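Okay, structure first, notes after.
The values are calculated or read from the model by the stated rules, or taken from the named source; none is laboratory data. In this text, all values refer to a predicted model and were calculated from it rather than measured experimentally. A quick note on method: Cβ atoms are made from the backbone with ideal geometry, for glycine too, and the neighbour counts reach across all protein chains shown. These accessible areas exclude ligands, DNA and RNA; they are computed on the full protein's heavy atoms, side chains included. Shrake-Rupley method; radii C 1.70, N 1.55, O 1.52, S 1.80 Å.
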Amino acid sequence: MRHVRHSSPLLVALLALALIAAACGGGGGSKAASNQGSNSNVPTGGTLVAGWEQEPDCVDWIGSCSGSSYGYWAANVTTMPRTYNVVKKGTSWGYAPSNLLTGEADLKTSPNQVVTYHINPQAKWSDGQPITAHDFKYLWDQIVNGSDIYDTTGYVNIQSVDDSNPAAPVVTFKTPYADWKSLFGGQYGLYPSHLLEGKDRDKETANGYTWSGGPWMMPPGGWQKGSQLTLVPNPNYWGTKPKLDKIVYKFITDTSAEFQAFKSGEVQLIYPQPQPDAVDQIKAGIAGSNSFYTPDTGNLEALWFNNGKAPFNDPKVREAWGYVLDRAAIVDRLFGPLGVKAPMNTINPTIVRDYADPNAWSQYKPDSSKVNQLMTSAGWTKGSDGVWAKGGQKFTAELQSTTGNKRRELTEQIIQQQLQAAGFPMTIKEDKSGDLFGSILPKGDFQVALYAQVLTSFSPSNCNIFCSANIPVAPKFSGQNWQRVNDPTNVDPLLTKVDSSLDESVRMDSNKKADPVLASTDVALPLDPLPDVLLWGKKLAGPVGDNPVMGPMWNSNLWGIGK
Amino acid sequence: MPSYVARRLAYSIPVLLIASFLLFAFVRATFDPTARLRASRDPHAVERERVRLGLDKPIVVQYKDWLVKFGQGDWGESSRTHDRVAPMIRSALWNTIQLILWGILVSAVFAIGIGIYSAVRQYSLADYVLTSASFIGLAMPPFWFGLIAIAFLAVGPKNWFHLSNPPLFFVGLHSVQSTGILDYPRHLVLPVLTLTVQIVASWSRYERASMLDAINADYVRAAKAKGLSPRQVIFKHAFRNALIPLVTVMALDVGLLFGGLVVTEQIFSVPGMGKLFIDSLVQGDANVLVVWTVVTAAFVIIFNLLADVAYGALDPRIRLA
């Protein structure tokens with residue numbers, strides 16, 4: 001599943017219930033924190049105050065008002081039970097059953113796809129009621145029959161949920177759904193049907209909710225809108241119980257103020273977006289703090305060409321830009337101080353590297369002879385002023401992006417300078433996020449745009465953005481193939497297979513093959529992975545780290561505050 | 001007087017109606033509240049939400065629906081958060097009022113004091129210093145001043161003196177765990193300082209100018225000639241008359257402040273009216289924005305009215321009709 005990164009990373013959170021289950025699953029390796037083991041050596045008690053850049057609009061996670069990644073990281077992954085988590089497996093990431101299940105679900109692929117989950121008999125809600133198959137059925141029913149649902153994908157493929165055995169829900173699909181491990185979890189999580197059935201779910205959660213199926217829960221009045229959200233330990237959690245007395249997320253939307261709050265000790269943990277201010281502050285050093293930054297994320301920032309509009313409807317022009325832009329210099333300028341210097345050479349974010357050809361775009365390096373060759377063969381000539389022209393028309397292009405994002409402003413300026421020097425004058429236009437993603441891109445009213453695609457589940461799902469069937473058309477302009485990539489012969493079959501095959505090796509292979517096909521005509525030019533940045537005070541003890549999908553709080557039940 | 005007030009309030013109704021309709025139409029035309037659903041893989045998500053929010057109806061019908069409900073006391077629901085608009089506005093207003101109340105109090109005391117002192121000591125060294133400071137204050141962007149204030153009055157002292165907590169807080173209006181009776185004032189100092197620096201600079205210039213006019217007026221010369229003490233001359237005769245222009249400016253500024261603390265609220269994480277406006281504007285939440293406009297406009301109208309009424313109190317020669 002893919003999201004567009006608006007002003008922030010829109011990642012999905014998959015619940016942190018794997019903390020214990022992961023003991024028999026993945027984890028470990030590299031710098032990412034492990035959620036394994038106990039927290040017996042961690043101090044008990046204390047309050048962790050985290051500076052949080054965004055407040056969720058609502059905590060009805062399946063509602064149309066949801067979608068804030070900071071909301072998911074803060075409250076969804078910590079309170080909602082789910083079937084699978086995304087965990088580190090060696091050097092890669094992948095799904096692992098959470099402690100809601102006793103182990104892997106049973107998958108039957110024919111004649112219909114049928115998934116049978118086995119619920120951990122210890123799994124229960126914060127009121128002591130068991131988590132049952134009926135909770136699965138309730139979630140499915142709410143999603144497919146609800147009126148204000150954020151995303152029904154995958155759930156509409158389901159034909160039935162059999163809850164006759166409370167401990168083993170059986171989910172039968174009408175049509176195959178490859179990313180089935182993101183269901184009954186993913187960006188949603190299970191709801192307690194015994195508390196919500198027959199009620200207005202959206203209204204019941206309007207001011208937060210006090211039930212939980214995770215290590216943390218919201219106390220009554222725990223969400224003070226606009227100010228802070230508080231979590232306390234769930235006394236009935238069946239996994240490792242939190243050591244901290246409380247976590248308080250303070251909403252600080254100004255990045256500079258957020259850093260000052262961290263420096264002053266008003267907050268002990270921040271998870272800022274990788275803006276130039278943040279990078280500069282980290283580079284300068286912050287006394288008494290630990291930091292973690294990684295390019296291992298579900299984000300991919302790129303130049304997205306409108307393949308259906310001049311001049312980028314000509315693949316040679318798109319390729320020429322690939323040989324003009326020094327992407328390594330751009331990435332180094334943006335994130336060099338964080339150790340991130342290499343550009344992305346695949347259209348897939350780094351965490352799905354097993355599905356990617358990491359060198360698909362590697363040929364695109366500054367090469368003026370290639371540029372001349374491509375442009376000349378496309379009928380362009382360079383004028384005495386050094387600007388390319390065709391049929392008496394000088395080359396012009398407009399790069400569009402979101403307003404108010406300093407990192408993107410800096411990126412645009414560097415790109416503009418590099419292109420100008422190569423004879424490609426380019427103007428910059430910044431639009432409000434809602435306008436760009438709500439109207440301009442779907443309607444195709446752009447030439448080239450700079451934004452980030454963000455994975456919201458552990459599946460590449462490139463068909464969403466590159467299959468010809470998903471090109472938006474009037475009057476509804478539905479579909480996310482805003483670049484108007486139209487290659488039913490080569491691209492569509494490969495990417496369709498990724499979404500529909502239930503054989504993981506087939507999915508990986510097809511997606512890997514699609515990468516060089518897309519690169520051959522440079523449908524988009526990948527730039528950087530938007531590194532995740534996490535800073536925390538030295539008093540915070542435990543395996544603090546980042547999970548690129550579930551966020552930094554995924555294992556906060558293992559943390560403590562030192563004296 | 002009552003008929004004057006009633007008439008002024010009646011005039012304001014069409015103004016509010018026109019303003020609310022224009023804003024409603026503007027927001028609907030320029031912002032798409034379903035934009036965030038474009039990120040959903042679900043191709044029907046946008047259409048479902050458009051129908052749910054009534055966006056498939058003509059704009060006039062949408063506005064009429066909203067207005068009828070508003071007239072019945074139903075201020076509607078935020079398309080962004082699904083919360084009722086009335087409690088959202090109430091909560092934001094209370095936070096903003098706290099800042100305004102303290103800000104106005106501090107500003108008035110300092111601006112009037114500086115204005116009087118500068119006028120009485122015209123062209124003295126102190127007058128030059130205060131005048132220069134006023135111009136610096138006027139030129140100081142609040143977002144910059146706020147961050148500088150945080151760095152030098154909160155974070156800096158904490159590090160310089162190795163304190164366990166900064167002397168002044170700057171996240172919200174209360175600490176997670178109260179630090180005692182001074183917790184609230186310690187949160188208020190920096191946002192109020194940021195809010196007041198431009199206001200004090202501006203108002204003190206008005207006060208100085210009107211005090212100079214008053215000091216050089218014939219009736220003040222007459223009072224001096226009668227042998228009254230300088231204190232009596234200034235505070236009994238000049239000051240009261242010099243207040244009238246300042247009261248006008250103060251009333252207008254206070255009314256506008258109810259919707260205009262965007263930067264201060266953003267930097268100090270205060271969930272007030274300014275922050276509510278920005279959050280709603282960014283996501284095209286017309287239901288909140290229109291009520292926000294009506295409430296803000298109502299405050300502007302009320303404070304204009306208060307200014308007119310205050311004239312009468314300050315100068316018995318002025319009668320409202």
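Between A:GLY404, A:GLY479, A:GLY383, which is open to solvent by 10 Å² or more (accessible area, probe 1.4 Å) and more than 14 Å from every other protein chain (Cβ to nearest Cβ)?
On the way: A:GLY404 fails: more than 14 Å from every other protein chain (Cβ to nearest Cβ); A:GLY479 fails: more than 14 Å from every other protein chain (Cβ to nearest Cβ).
Checking each option against the conditions leaves just A:GLY383.
Within region A:251-261, can you find the residues that are more than 7 Å from every other protein chain (Cβ to nearest Cβ) and closer than 17 Å to B:HIS187 by Cβ? Before the answer, list the steps.
Here is the first cut: in region A:251-261, the residues more than 7 Å from every other protein chain (Cβ to nearest Cβ) are A:255, A:258-259.
Residue satisfying the conditions is A:GLU258 alone.
Out of curiosity, is B:ARG90 under 22 Å from B:VAL171 (Cα atoms), open to solvent by 90 Å² or more (accessible area, probe 1.4 Å) and at pLDDT below 95?
Working: under 22 Å from B:VAL171 (Cα atoms): yes; open to solvent by 90 Å² or more (accessible area, probe 1.4 Å): yes; at pLDDT below 95: yes.
Considered against the rule, which asks whether it is under 22 Å from B:VAL171 (Cα atoms), open to solvent by 90 Å² or more (accessible area, probe 1.4 Å) and at pLDDT below 95, B:ARG90 comes out as yes.
Among the numbered criteria (1) surrounded by fewer than 20 Cβ atoms within 10 Å (Cβ to Cβ); (2) more than 30 Å from A:THR44 (Cβ to Cβ); (3) in contact with a Ser or Thr (Cβ under 9 Å, 6 or more places away or on another chain), which one does A:GLN224 miss?
Here A:GLN224 clears every test but (2).
Kindly provide the set of residues from region B:48-84 that are within 13 Å of chain A (Cβ to nearest Cβ), among the aliphatic types (A, V, I, L, M) and in contact (Cβ under 8 Å) with a residue 24 or more places away in the chain, ordered by number.
B:LEU53, B:LEU55
Take the residues of region A:228-238 that are assigned to a loop (DSSP other than H, G, I, E, B) and open to solvent by 20 Å² or more (accessible area, probe 1.4 Å): which is nearest to A:GLY560 (Cα to Cα)? Let's see the steps before the verdict.
Restricting attention to region A:228-238, the residues satisfying the condition of being assigned to a loop (DSSP other than H, G, I, E, B) are A:234-238.
Of the ones still in play, those that are also open to solvent by 20 Å² or more (accessible area, probe 1.4 Å) are A:235-236, A:238.
On the way: A:PRO235: 17, A:ASN236: 19, A:TRP238: 19 Å.
That would be A:PRO235.
When you scan region A:360-434 for strands (runs of 3 or more DSSP E) that lie fully inside it, which ones turn up with 1 or more residues that are of a type in the set (S, T, N, Q)? I'd like the intermediate steps shown before the answer.
Working: elements: A:388-390, A:397-402, A:426-431.
Because the criterion is at least 1 residues that are of a type in the set (S, T, N, Q), the strands (runs of 3 or more DSSP E) in region A:360-434 that meet it are A:397-402, A:426-431.
Report yes if some residue within region A:192-200 is within 13 Å of chain B (Cβ to nearest Cβ) and surrounded by fewer than 19 Cβ atoms within 10 Å (Cβ to Cβ); otherwise report no. Break it down stepwise before answering.
Start the filter on region A:192-200 by keeping residues that are within 13 Å of chain B (Cβ to nearest Cβ), which leaves A:200.
Adding the requirement that they be surrounded by fewer than 19 Cβ atoms within 10 Å (Cβ to Cβ) leaves A:200.
Looking through region A:192-200, at least one residue is within 13 Å of chain B (Cβ to nearest Cβ) and surrounded by fewer than 19 Cβ atoms within 10 Å (Cβ to Cβ).
Might you check whether a residue that is open to solvent by less than 40 Å² (accessible area, probe 1.4 Å) and in contact with an Asp or Glu (Cβ under 7 Å, 6 or more places away or on another chain) occurs anywhere in region A:512-522? Write out each step before concluding.
Filtering region A:512-522 down to residues open to solvent by less than 40 Å² (accessible area, probe 1.4 Å) leaves A:514-515, A:518-519, A:522.
Restricting the remaining residues to those that are in contact with an Asp or Glu (Cβ under 7 Å, 6 or more places away or on another chain) gives A:515, A:522.
Yes, region A:512-522 has at least one match.
Restricting attention to region A:37-56, report how many residues are among the hydrophobic types (A, V, I, L, M, F, W, C) and modelled with pLDDT under 90. Steps first, answer last, please.
Quick first cut of region A:37-56, residues among the hydrophobic types (A, V, I, L, M, F, W, C) only: A:42, A:48-50, A:52.
Now narrow it down to the ones that are modelled with pLDDT under 90: A:42.
The qualifying residues number 1.
Quick one: in region B:144-162, which of the residues that are more than 9 Å from chain A (Cβ to nearest Cβ) and aliphatic (A, V, I, L, M) is least open to solvent (accessible area, probe 1.4 Å)?
Across region B:144-162, the extreme among qualifying residues is B:ALA149.
Which residue is farthest from A:LYS406 (Cα to Cα), if the candidates are limited to region A:420-458 and must be in contact with a Leu (Cβ under 8 Å, 6 or more places away or on another chain) and surrounded by fewer than 19 Cβ atoms within 10 Å (Cβ to Cβ)?
A:PRO425
Return the total of residues in region A:93-119 being free of Cβ contacts under 8 Å to residues at least 12 places away in the same chain and either crowded, with 20+ Cβ neighbours inside 10 Å or touching a helix residue (DSSP H, G or I) at 6+ places or on another chain (Cβ under 6 Å) (or both).
Residues that pass the stated criteria total 0.
Exactly one condition in (1) modelled with pLDDT under 95; (2) more than 30 Å from B:LYS158 (Cα to Cα); (3) crowded, with 18+ Cβ neighbours inside 10 Å is not met by A:TYR293; state its number.
The one condition A:TYR293 does not meet is (2).
Can you name every one of the helices (runs of 4 or more DSSP H) wholly within region B:126-233 that holds 1 or more residues which are within 30 Å of the chain's Cα centre (by Cα)? Quick ask: steps written out before the conclusion?
Values: elements: B:142-150, B:156-160, B:183-215, B:218-225.
Ranges flagged: B:142-150, B:156-160, B:183-215.
Looking at (1) open to solvent by less than 80 Å² (accessible area, probe 1.4 Å); (2) more than 30 Å from B:LEU37 (Cα to Cα), which is the only condition A:SER368 fails?
(1)
Any idea which of (1) hydrophobic (A, V, I, L, M, F, W, C); (2) crowded, with 22+ Cβ neighbours inside 10 Å; (3) under 26 Å from A:ALA342 (Cα atoms); (4) within 21 Å of the chain's Cα centre (by Cα) is the one A:LEU534 doesn't satisfy?
(2)
I'm checking my understanding of the structure. Among residues of region B:168-186 that are facing chain A (nearest Cβ under 10 Å) and open to solvent by less than 50 Å² (accessible area, probe 1.4 Å), which one is modelled with the lowest pLDDT?
Of region B:168-186, the ones facing chain A (nearest Cβ under 10 Å) are B:168-177.
Filter again for open to solvent by less than 50 Å² (accessible area, probe 1.4 Å), leaving B:168-173, B:175-176.
Values: B:LEU168: 94, B:PHE169: 93, B:PHE170: 92, B:VAL171: 92, B:GLY172: 91, B:LEU173: 91, B:SER175: 87, B:VAL176: 82.
Here the residue is B:VAL176.
Do you know which residues across region A:260-319 are assigned to a strand (DSSP E or B) and closer than 28 Å to A:SER459 by Cβ? Spell out the reasoning first.
Quick first cut of region A:260-319, residues assigned to a strand (DSSP E or B) only: A:269-270, A:289-294, A:299-305.
Within region A:260-319, A:PHE292, A:TYR293, A:THR294, A:ASN299, A:LEU300, A:GLU301, A:ALA302, A:LEU303, A:TRP304, A:PHE305 meet the criteria.
With (1) among the hydrophobic types (A, V, I, L, M, F, W, C); (2) open to solvent by 20 Å² or more (accessible area, probe 1.4 Å); (3) within 12 Å of chain B (Cβ to nearest Cβ) as the list, and A:ILE282 as the residue in question, which single condition is left unmet?
With (1) among the hydrophobic types (A, V, I, L, M, F, W, C); (2) open to solvent by 20 Å² or more (accessible area, probe 1.4 Å); (3) within 12 Å of chain B (Cβ to nearest Cβ) applied to A:ILE282, the lone miss is (3).
Could you say whether any residue in region B:127-143 is among the hydrophobic types (A, V, I, L, M, F, W, C), in contact (Cβ under 8 Å) with a residue 12 or more places away in the chain, within 13 Å of chain A (Cβ to nearest Cβ) and open to solvent by less than 50 Å² (accessible area, probe 1.4 Å)?
Start the filter on region B:127-143 by keeping residues that are among the hydrophobic types (A, V, I, L, M, F, W, C), which leaves B:129-130, B:133, B:135-136, B:138-140, B:143.
When the remaining residues are screened for being in contact (Cβ under 8 Å) with a residue 12 or more places away in the chain, the result is B:130, B:133, B:135-136, B:138, B:140, B:143.
Narrowing further to those that are within 13 Å of chain A (Cβ to nearest Cβ): B:143.
If we keep only those that are open to solvent by less than 50 Å² (accessible area, probe 1.4 Å) as well, we get none.
Among the residues of region B:127-143, not one is among the hydrophobic types (A, V, I, L, M, F, W, C), in contact (Cβ under 8 Å) with a residue 12 or more places away in the chain, within 13 Å of chain A (Cβ to nearest Cβ) and open to solvent by less than 50 Å² (accessible area, probe 1.4 Å), which makes the answer no.
Taking only region B:259-297 into account, find how many residues are farther than 20 Å from B:ILE150 by Cα and either within 9 Å of chain A (Cβ to nearest Cβ) or open to solvent by 30 Å² or more (accessible area, probe 1.4 Å) (or both).
Here the count works out to 10.
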